[in-house]
1. If I stretch the segment between Tyr151 and Lys168 completely, what's the gain in nm (0.36 nm per residue apart, minus their alpha carbon distance), one decimal?
2. Give the carbon-plus-sulfur fraction of the accessible surface of the range 2-91 in %, rounded to a whole number; probe 1.4 Å, heavy atoms of protein chains only.
3. For Arg58, what is the net charge nearby, where nearby means another residue's Cβ is under 11 Å from its Cβ and Lys, Arg count +1, Asp, Glu -1?
4. Taking every eigenvalue of the Cα gyration tensor of the range 8-59, multiplying by 5 and rooting it, what semi-axes result, largest first, whole Å?
5. For Ala84 paired with Ala119, estimate the spin-label separation in nm (one decimal), with each label point 7 Å from Cα along the Cα-to-Cβ line.
6. Tell me, what is the FRET efficiency for Asn94 and Glu142 to the nearest 0.05, using R0 = 30 angstrom and their Cβ-Cβ distance as r?
7. Averaged per residue, what accessible surface does the chain expose to a 1.4 Å probe, in Å²?
8. To the nearest 10 degrees, how steep is helix 112-135 against the longest Cα principal axis of the chain, on a 0 to 90 scale?
Amino acid sequence: MSDAKGDVWVEATFAELARTGVEGVRVEVLAKNLGVTKGGFYRRFADRAALLGAMLERWREGRTEAIAQQTSLDGQSPRERLKALIQLYSERMNPAAMAIELAIRQWARADETAASAVASVDAARLKHVAELYRATGLSADEADAQAFLFYCFVFGQSLLFVERGPRKRAQMIARSAEKLLAND
């Protein structure tokens with residue numbers, strides 16, 4: 001759904017999904033949160049499944065476009081771009097986006113449509129990052145393995161609460177980034 005009012009429903013769905021999981025995404029709750037009637041929903045979407053489908057499509061498109069932009073060299077070397085990506089994901093914590101990511105991944109464990117969207121995003125992420133690694137001189141297989149490690153690091157570090165404090169965390173991330181950027 002691409003109309004502005006449909007977009008409002010989709011954005012409200014993201015927020016509710018992050019807060020309660022897919023089970024908590026209910027038309028009545030969304031209407032109440034938006035201060036509108038359920039009739040406004042049904043003028044834009046056939047049913048809850050259509051809304052969830054629109055939300056998954058928006059998420060898939062947004063994440064795929066984001067990684068394409070984030071991996072664009074724009075005058076940087078592949079190694080500089082990889083380093084910038086590590087900094088982007090490790091220095092700018094986005095709890096709301098991570099909550100949505102985790103909720104969609106949890107939903108994907110039990111729903112084929114959500115699983116397909118997640119698989120599509122993961123494939124795009126791995127493909128784009130592997131291309132950067134290939135541009136550093138790694139073989140296709142080595143680049144694919146490095147891209148996989150890169151995403152294990154990016155998502156894993158965002159979920160860890162490092163007890164040593166922000167400065168020690170930053171140092172640990174910097175040392176880890178060096179290993180991800182080393183061509184052995």
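1. Length difference between fully extended and current span is 4.0 nm.
2. That share works out to 50 percent.
3. -3
4. They are 15, 13, 9 Å, listed from largest to smallest.
5. Simple spin-label model gives 3.3 nm for this pair.
6. The calculated FRET efficiency here is 0.50.
7. Value returned for the chain: 58 Å² of accessible area per residue.
8. Compared with the principal axis, the helix lies near 20 degrees.
The values are calculated or read from the model by the stated rules, or taken from the named source; none is laboratory data. Every value quoted in this text rests on a predicted model; they were computed, and no experiment measured them. So basically every Cβ, Gly included, is an ideal-geometry build from the backbone, and we count neighbours across all protein chains shown. For the accessible areas, the whole protein counts, side chains as well, though only heavy atoms, and no ligand, DNA or RNA atoms are used. Shrake-Rupley method; radii C 1.70, N 1.55, O 1.52, S 1.80 Å.
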